[in-house]
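S.K.: My structure is below; once you've seen it, I'll send some questions.
The values are calculated or read from the model by the stated rules, or taken from the named source; none is laboratory data. These numbers come from a predicted model, not from an experiment. Neighbour counts are summed over all protein chains in view; Cβ atoms, including those assigned to glycine, are modelled from backbone coordinates with ideal geometry. Ligands, DNA and RNA are excluded from the accessible area calculation, which covers all protein heavy atoms including side chains. Shrake-Rupley method; radii C 1.70, N 1.55, O 1.52, S 1.80 Å.
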Amino acid sequence: MEKIKIIFVHPSQLSERWLNYYHLDELQNAFDIEYWDCSALANPNFKAKEIQERPYLQVIKNIGDFKENINRIPKDTLIVNDLHANVANYPLYMNIAKRFNHRIYFDFFANTQGVHKSKLFSKLATSNLKDLICYILIRRKFHFYVFSSRYSSDGRYRINHPDFEVYQKVAKDSTNNNLSNYVVYVDNFFPFHPDILNRDSHVDPTRLAPLFYGSLNSFFSKVEQHFGCKVVIAAHPSSVYTNNPFDGRDIIYNKTCELIKDCTAVCMHTSNALSYAILFNKPLALLTNKAFQQARLEFMRLENISNMLSMKLINTDTVDDINYVFNHVSKDFTEFYKKEYLIADPNKTNAELFVEYFNLLHKTIYQS
């Protein structure tokens with residue numbers, strides 16, 4: 001029997017993160033899969049730190065290459081599309097729409113939006129006008145099927161949050177990371193992250209960076225002096241630091257969960273790694289400063305998280321009393337958060353759920 005064809009259309013190069021999030025190596029045993037690296041079109045300035053090679057990887061070089069690949073795949077292919085629905089990617093969506101009228105979307109980041117925000121409200125709050133118009137036009141072109149860890153999503157396609165799966169593995173691992181008495185800063189790659197620059201196109205990162213890192217490093221020094229510890233940086237997987245902007249502090253890649261497991265406390269802005277701090281019940285501080293607030297839409301996201309957690313923002317420009325910077329998330333909210341955002345089925349892996357859902361969707365889309 002011929003395997004079902006599944007195409008993962010993605011704005012990033014193939015990294016370990018996306019291998020694990022999508023469980024691609026497991027899925028290739030059950031399906032005929034391809035991962036299309038569309039970074040040359042959707043995200044040309046980004047280069048993953050460690051690019052993975054796989055037989056199912058297709059590197060899309062230009063729009064002509066994209067069209068040729070869309071036209072060659074079978075007409076009953078399942079399209080998993082993680083491209084942002086915006087102006088830059090509108091031509092890619094329209095080429096997909098010529099042959100396919102569905103889009104499967106993995107909502108891996110539902111847990112940072114704020115529980116009271118609808119999808120459309122969130123889009124209004126974090127998009128410029130042109131991108132919003134393209135988002136609406138694209139929505140009208142496709143039937144959307146969402147795989148999400150959020151409880152209020154379509155229950156047929158609810159998944160475990162990838163962070164929960166990582167947490168389960170790390171929590172069982174007795175290996176120590178050879179650090180002691182430290183606070184973790186969860187990096188956002190602010191103000192250079194492509195998503196931030198897309199949402200807040202007026203932001204001048206070269207101007208904001210010295211102000212932002214100067215404020216952060218001053219705050220870190222206060223924390224280190226007050227608690228007699230060190231601050232270590234859990235690097236954002238998209239970050240590229242030619243020079244260390246954290247006054248020489250350790251920058252550690254691909255170990256965020258491990259670092260949070262054994263740390264004294266966590267500080268962050270809008271990172272999805274919020275889930276690790278909650279799962280490991282770590283004291284938390286949500287950081288802002290004048291430079292961060294100039295990225296208006298990113299700051300709105302931070303305010304959403306602050307309201308969601310009922311936790312005050314810590315302004316690193318002005319904070320003096322370090323005693324009350326870090327606080328635990330309430331037990332009631334922790335239980336609600338795990339149920340609402342993180343855990344669909346603690347007894348099944350996402351790889352198992354994905355196989356079940358893809359088979360169901362193929363029947364739904366092509367046999368109904």
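S.K.: Y213: accessible area at probe 1.4 Å, nearest 10 Å²?
M.R.: Accessible surface of Y213 is approximately 20 Å².
S.K.: Still on this structure, I have one more. Could you pull out every one of the lysines with an alpha carbon less than 29 Å from that of K75, ignoring same-chain neighbours closer than 8 positions?
M.R.: Cα-Cα hits under 29 Å: K3, K5, K61, K67, K98, K141, K363.
S.K.: Separate question: Relative to the longest principal Cα axis of the chain, at what angle does helix 162-172 sit, 0 to 90 degrees, rounded to 10?
M.R.: Compared with the principal axis, the helix lies near 60 degrees.
S.K.: Sticking with this structure for a sec: Evaluate the Debye formula for region 254-313 with equal point scatterers sitting on the alpha carbons, no solvent, and hand back log10 of I(q)/I(0) at q = 0.17, 0.22 Å⁻¹, in q order, two decimals.
M.R.: -0.57, -0.87
S.K.: Oh, and also: Can you give the accessible area of M300, probe radius 1.4 Å, in Å² rounded to 10?
M.R.: 60 Å²
S.K.: Now a separate question. In terms of the Cα gyration tensor, with a ≥ b ≥ c the square roots of its eigenvalues, is region 19-65 rounded because a/c is under 1.5, prolate because a/b exceeds b/c, or oblate? Mind dumping the intermediate values first?
M.R.: Values: a/c = 2.70, a/b = 1.56, b/c = 1.74.
Oblate, since a/c reaches 1.5 and b/c is not below a/b.
S.K.: Now for a different question. Could you work out the relative contact order of the chain, using alpha carbon pairs under 8 angstrom and six or more residues apart, expressed as a whole percent? The partial results should precede the final answer.
M.R.: Values: 575 pairs, mean separation 66.6, N = 368.
The normalised contact order for the chain reaches 18 percent.
S.K.: Residue separation times 0.36 nm, minus the C-alpha to C-alpha distance between K172 and K3: what's the value? If you can, show how the numbers build up before the last one.
M.R.: Details: separation 169, 0.36 × 169 = 60.84 nm, distance 3.53 nm.
The K172-K3 span can extend by a further 57.3 nm.
S.K.: I've got another one for you. Amide H of N315 versus every other amide H placed in the peptide plane: which residues, excluding those fewer than 5 positions away on the same chain, fall under 5 Å?
M.R.: HN-HN under 5 Å from N315: T288.
S.K.: For region 1-117, just say rounded, prolate or oblate: build the C-alpha gyration tensor, square-root its eigenvalues into a ≥ b ≥ c, call rounded for a/c under 1.5, and beyond that prolate if a/b exceeds b/c, oblate if not.
M.R.: Numbers: a/c = 1.22, a/b = 1.12, b/c = 1.09.
Rounded.
S.K.: Right, here's the next one. Quick check: at a probe of 1.4 Å, how many percent of the accessible area of the chain sits on carbon and sulfur atoms? Let's see the in-between values first.
M.R.: Details: 8540 of 17150 Å².
Reported share for carbon and sulfur atoms: 50 percent.
S.K.: Going by alpha carbons, how many degrees (0 to 90, nearest 10) lie between the helix axis of 350-366 and the longest principal axis of the chain?
M.R.: Compared with the principal axis, the helix lies near 40 degrees.
S.K.: Probe 1.4 Å, all protein chains in place: accessible area of I133 in Å², nearest 10?
M.R.: 90 Å²
S.K.: Suppose R0 equals 30 Å; then what is the FRET efficiency for N254 and H202 from their Cβ-Cβ distance, rounded to the nearest 0.05?
M.R.: Values: r = 32 Å, r/R0 = 1.07.
The pair N254/H202 has a calculated efficiency of 0.40.
S.K.: Continuing with the same structure: If you average 1/r over all unlike Cα pairs in region 289-338 and invert the result, what Kirkwood radius do you get in angstrom?
M.R.: Numbers: mean 1/r = 0.0807 Å⁻¹.
When all Cα pairs of region 289-338 are included, the Kirkwood radius is 12.4 Å.
S.K.: Show which lysines lie in cross-link reach of K222 when reach means a straight Cα distance below 17 angstrom and same-chain residues fewer than eight apart are skipped.
M.R.: K230
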